[in-house]
Amino acid sequence: MFADQLGRVPRLLRYTSVAVLGAGIFLIFFGGLRVGVTYDEPLHVQRFNNYVETGWYLGDGQVIEGEPVEGMRQQYVYAPVTMTLLHGLGVVTGVEDVGTASATEDAYAVRHLGIGMISLLGLWAVAATTRLILRGWDWGVLAAAVLVAVPLWTGHSMFNVKDVSVATGYALVTLGLALIARRERAARRLVRFGGPGTLAIGVILCLGTRPGMWTGVAAGCAVLIGYRCIRRTEQGLAATLREDGWRYRDIAVGLLLALAALVAVYPQVFGSPVTALVRSALSSANFFSVQAPWTFIPTRVAFQMPLLILTFVAIGTVVAGRSILVAGRQPDPQHQRLVLVFAQMVTLPLVAIVHGASLYGDLRQVLFAAPATAIVATLGVARLVTVVRDRAEKDRTGPPLVTAIACAAITLPFVDQALAFPYGYTAYNPMASVAGLSVLGDYYRASGREIVPELPVTGRIVCTPEEDENDRALRAAHLDGWVDCRDPASSPIAAFMGDRGARGGELAADEFWAVTFDIRGSVPKNCIEVSTVSRRLVFRRLNLASLSRCTLPFPKLAAETVVIDGDSDRGFQLPDLGWNAFGVDGTTDGVGFKGGPATMTFSFAPWLRDAPLMLRLTATREFDTTVRFGGVVVSSTWSDSGPPVLDIAVPVELVARAVRGPLTLELSPKVPNARGAKVLALAVEPAA
């Protein structure tokens, strides 16, 4: 293998890689303090607190009376190891009390630093694995520098409570197996125990965050064992298996240690390992019932990965593949380690492409392939360095040219993400601009922190509002449903509300503020843009977030039934604060209670003014609630027959007020009595 004649990394490239790696680590930790709160983070605060209380790592409304709601499968998608580690850091630093994850600015900052530490562990795993393959720590440093040059890695290392841990865990699994792939059983104690120990830590971190990643761990173990078994030896297969007995023992020890730790942390799921294996694989692959087209991963790789790094990945793939084929059935440890790296890089992405897995947004769900990709890119650099060194006497321009290209491969994308700081994860390569690709803006909403100083003290705030068929912004949010964006349960701005600038003035009753992150160059027709957050990159301007002032008249109801579901624009406008978005029970029909009070604001058509009316709310089941209309307590009863219907009596004086202008219907349900209940429709009928 060419590593035998490789030598050291060229001096300029060595210095550049050290500089990029150091600067990348600085950006990760400093960015963790400067970046805002992303959508997933408050939800995992919810999950951790529910895990402490019920034993299930699920969100609010997903556990009723100590058990997951019927049909719930997210308990097999996420697990609490990462949040437990981050909570421990929060307790040690004094920003959280034992057993309670906090949604304060300081708690998020400490969690971000903890994620940076996990990312640092991933960088070390990449460097160590590369050192085993190319036999030099300077090549390991280059591989780590390649990884921090990938904007998705460095950007997500500032905040991502899920995918960075999974990627780091997977990288540790590969490193552990690479140590076990050594030539001789006898080795220094650090190496002997390092194999199973690193494997165990990697599995705990990887599966303890996303249980479905066991498929990747299994692929790595199977690749190593299978590759060992196909070796051509004079002793025969039985003798070969006996010779490798210590390897199988180390793998088994690592996996059993990991299983014991996972059962101790999350017995509700890992206490039944076989069930966990089956359901986690199926639940992760079909999350949200969204099936991505087979082109999802290839196109995003082409537009989001730095182009020069992709070029070196292609070279490394060809070179390593040829070396593996030449070795055939007589591979040395280096070839076995190469196969392990390729298993991490391509196995699960290929499965996702063939299966049509639930992928959306960008590549962060396959971030686990990034560490291996950085190693393969380094192999490509190493191969070119070897070739030009061999020809240096005939062509003296080759070595400096390759060195310059390799330096550019890691510095150019790093400069681009530094310009976007701390939102480097939004970066796309120049091909996206050439192709005229419409990018997502700040899909994770971390830039909301920069909008906060522009926010007024009063008025409803909707983050990324839905739009109707007339391109008007609605009071319902794409991700938060009918919940004000200040609600810390899922808010990107709640932790920073002390920084508000009290600008904008008072709002009329039918006005609201809209904070938009998925910017595509236009403002909804019923909104006026007030402020924006953007960055100037090398090839384009990156629009991240905007604040707008929007107007939307409240609905006017006649004597008809309005269905509340994902297809009804009229029904979609009715619910207001205090409701969950669609999907509480896995459907898009109706709205569930956030915890109350829940409101709907509307007026009556003029021809209804002269008689008392009955508002009829169709629900999935009965619940206890106090009902107010226009601030006045009104009587309500559940009907005796048919589906559960709450009959609300509206006296004629309130009818007259509601004809003159919008009034608010307020339900104050008793929680947890109302958990799991959903309102499906609202009808206006003459009183009997």
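The values are calculated or read from the model by the stated rules, or taken from the named source; none is laboratory data. Remember, predicted model here, so these are calculated numbers, not experimental data. With ideal geometry, Cβ positions are generated from the backbone for all residues, glycine too; neighbour counts draw on all protein chains shown. Ligands, DNA and RNA are excluded from the accessible area calculation, which covers all protein heavy atoms including side chains. Shrake-Rupley method; radii C 1.70, N 1.55, O 1.52, S 1.80 Å.
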* Structure fact -> Within segment 116-135, residues of a type in the set (A, V, I, L, M, F, W, C), in contact with a Lys or Arg (Cβ under 8 Å, 6 or more places away or on another chain) and crowded, with 24+ Cβ neighbours inside 10 Å come out as Ile133
* To do: Run Val562 past the list (1) at pLDDT below 85; (2) assigned to a strand (DSSP E or B) and report the number of the one that doesn't hold.
  => (1)
* Structure fact -> If we ask which residues in segment 319-338 are surrounded by 22 or more Cβ atoms within 10 Å (Cβ to Cβ) and under 27 Å from Thr295 (Cα atoms), their number turns out to be 2
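Assess whether Trp214 counts as being under 25 Å from Leu308 (Cβ atoms), open to solvent by 10 Å² or more (accessible area, probe 1.4 Å) and either assigned to a loop (DSSP other than H, G, I, E, B) or touching a residue at least 12 places away in the same chain (Cβ under 8 Å) (or both). Give the derivation first.
Working: under 25 Å from Leu308 (Cβ atoms): no; open to solvent by 10 Å² or more (accessible area, probe 1.4 Å): yes; either assigned to a loop (DSSP other than H, G, I, E, B) or touching a residue at least 12 places away in the same chain (Cβ under 8 Å) (or both): yes.
Taking the combined requirement at face value, the residue does not satisfy it.
Please tell me if Asp138 is touching a helix residue (DSSP H, G or I) at 6+ places or on another chain (Cβ under 8 Å), open to solvent by 10 Å² or more (accessible area, probe 1.4 Å) and not in a helix (DSSP H, G or I).
Details: touching a helix residue (DSSP H, G or I) at 6+ places or on another chain (Cβ under 8 Å): yes; open to solvent by 10 Å² or more (accessible area, probe 1.4 Å): yes; not in a helix (DSSP H, G or I): no.
Here the answer is no, as Asp138 does not meet what is asked.
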* Asked: Name the pairs whose Cβ atoms lie under 8 Å apart, with the first residue in segment 461-488 and closer than 14 Å to Gly595 by Cβ, the second charged (D, E, K, R) and in a strand (DSSP E or B), and 6 or more positions between them or separate chains?
  -> Trp482/Arg475
* Structure fact -> Of the residues in segment 537-548, those that are among the polar types (S, T, N, Q) and open to solvent by less than 30 Å² (accessible area, probe 1.4 Å) number 2
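Here's the yes/no breakdown for (1) among the polar types (S, T, N, Q); (2) at pLDDT below 85; (3) surrounded by fewer than 15 Cβ atoms within 10 Å (Cβ to Cβ); (4) in contact with a His (Cβ under 9 Å, 6 or more places away or on another chain):
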residue	(1), (2), (3), (4)
Arg247	no, no, no, no
Leu255	no, no, no, no
Val274	no, no, yes, no
Ser283	yes, yes, no, no
Phe296	no, yes, no, no
Met305	no, no, no, no
* Could you give me the residue pairs with C-beta distances under 7 Å whose first residue belongs to segment 259-281 and is free of Cβ contacts under 8 Å to residues at least 40 places away in the same chain, whose second residue is aliphatic (A, V, I, L, M) wherever it lies, and which are 6+ apart or on separate chains? => Gly271/Val263; Pro273/Leu259
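In segment 623-644, which residues are free of Cβ contacts under 8 Å to residues at least 40 places away in the same chain and not in a strand (DSSP E or B)? Steps first, please.
Of all residues in segment 623-644, those free of Cβ contacts under 8 Å to residues at least 40 places away in the same chain come to 629-644.
Listed by number, the residues that qualify are Gly630, Gly631, Val634, Ser635, Ser639, Asp640, Ser641, Gly642, Pro643, Pro644.
Rundown of residues vs (1) open to solvent by 30 Å² or more (accessible area, probe 1.4 Å); (2) free of Cβ contacts under 8 Å to residues at least 60 places away in the same chain; (3) touching a strand residue (DSSP E or B) at 6+ places or on another chain (Cβ under 9 Å), yes/no style:
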| position | (1), (2), (3) |
| --- | --- |
| Thr532 | yes, yes, yes |
| Cys550 | no, no, yes |
| Ala558 | no, no, yes |
| Thr561 | yes, no, yes |
| Asp567 | yes, yes, no |
| Thr588 | yes, yes, yes |
| Gly595 | yes, no, yes |
| Leu615 | no, no, yes |
* To do: For segment 325-356, name all the residues that are in contact with a Phe, Trp or Tyr (Cβ under 8 Å, 6 or more places away or on another chain), more than 13 Å from Arg300 (Cβ to Cβ) and of a type in the set (A, V, I, L, M).
  => Val339, Leu348, Val354
* **Residue check, Thr168 under 14 Å from Gln365 (Cα atoms) and among the hydroxyl-bearing types (Ser, Thr, Tyr)** => yes
* To do: Six or more apart or on different chains, Cβ under 6 Å: which pairs go from a residue in segment 507-523 that's within 25 Å of Lys556 (Cα to Cα) to one that's open to solvent by 60 Å² or more (accessible area, probe 1.4 Å) and modelled with pLDDT of 80 or more? Could you list them?
  => Asp510/Pro553
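For segment 42-49, does any single residue satisfy the condition of being open to solvent by 30 Å² or more (accessible area, probe 1.4 Å) and free of Cβ contacts under 8 Å to residues at least 40 places away in the same chain?
Narrowing segment 42-49 to residues open to solvent by 30 Å² or more (accessible area, probe 1.4 Å): 43, 49.
Now restrict to residues that are free of Cβ contacts under 8 Å to residues at least 40 places away in the same chain: none.
Among the residues of segment 42-49, not one is open to solvent by 30 Å² or more (accessible area, probe 1.4 Å) and free of Cβ contacts under 8 Å to residues at least 40 places away in the same chain, which makes the answer no.
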* Sort through Ile28, Ile64 and tell me the only one that's more than 16 Å from the chain's Cα centre (by Cα) and either surrounded by 17 or more Cβ atoms within 10 Å (Cβ to Cβ) or of a type in the set (D, E, K, R) (or both). => Ile28
* Filtered residues of segment 453-472 (kept if open to solvent by 60 Å² or more (accessible area, probe 1.4 Å) and out of contact with any helix residue (DSSP H, G or I) (no Cβ under 7 Å at 6 or more places or on another chain)) -> Val457, Glu467, Asn470, Asp471, Arg472
* To do: Might you check whether a residue that is crowded, with 23+ Cβ neighbours inside 10 Å, aromatic (Phe, Trp, Tyr) and either touching a residue at least 24 places away in the same chain (Cβ under 8 Å) or part of a helix (DSSP H, G or I) (or both) occurs anywhere in segment 97-114?
  => yes
* Asked: So which helices (runs of 4 or more DSSP H) stay within segment 364-452 end to end and still have 2 or more residues that are open to solvent by less than 30 Å² (accessible area, probe 1.4 Å) and hydroxyl-bearing (Ser, Thr, Tyr)?
  -> 370-390
* Of the numbered conditions (1) part of a helix (DSSP H, G or I); (2) without any contact (Cβ under 8 Å) to a residue 12 or more places away in the chain, Arg657 satisfies every one except a single condition; which is it? -> (2)
* Extreme residue, modelled with the highest pLDDT, among residues of segment 577-586 that are closer than 25 Å to Asp471 by Cβ and open to solvent by 20 Å² or more (accessible area, probe 1.4 Å) -> Leu577
* Keeping to segment 510-524, report how many residues are modelled with pLDDT of 85 or more and over 17 Å from His478 (Cβ atoms). => 2
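Among the residues of segment 59-74, is there at least one that is in a helix (DSSP H, G or I) and farther than 25 Å from Ile410 by Cβ? I'd like the intermediate steps shown before the answer.
If we filter segment 59-74 for residues that are in a helix (DSSP H, G or I), which is where we start, we get 74.
Next cut, farther than 25 Å from Ile410 by Cβ only: 74.
Yes, because at least one residue in segment 59-74 is in a helix (DSSP H, G or I) and farther than 25 Å from Ile410 by Cβ.
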* Out of the residues in segment 598-613 that are surrounded by 19 or more Cβ atoms within 10 Å (Cβ to Cβ) and not polar (S, T, N, Q), state the one that is farthest from Gln46 (Cα to Cα). => Leu608
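Please work out if Gly321 is closer than 28 Å to Leu175 by Cβ, out of contact with any Asp or Glu (no Cβ under 8 Å at 6 or more places or on another chain) and modelled with pLDDT of 85 or more. Working first, answer last.
On the way: closer than 28 Å to Leu175 by Cβ: yes; out of contact with any Asp or Glu (no Cβ under 8 Å at 6 or more places or on another chain): yes; modelled with pLDDT of 85 or more: yes.
Taking the combined requirement at face value, the residue satisfies it.
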* If you take the residues in segment 67-96 that are within 28 Å of Leu152 (Cβ to Cβ) and hydrophobic (A, V, I, L, M, F, W, C), which one is surrounded by the most Cβ atoms within 10 Å (Cβ to Cβ)? -> Ala79
* Has segment 627-638 got any residue that is in contact with an Asp or Glu (Cβ under 7 Å, 6 or more places away or on another chain) and at pLDDT below 90? -> no
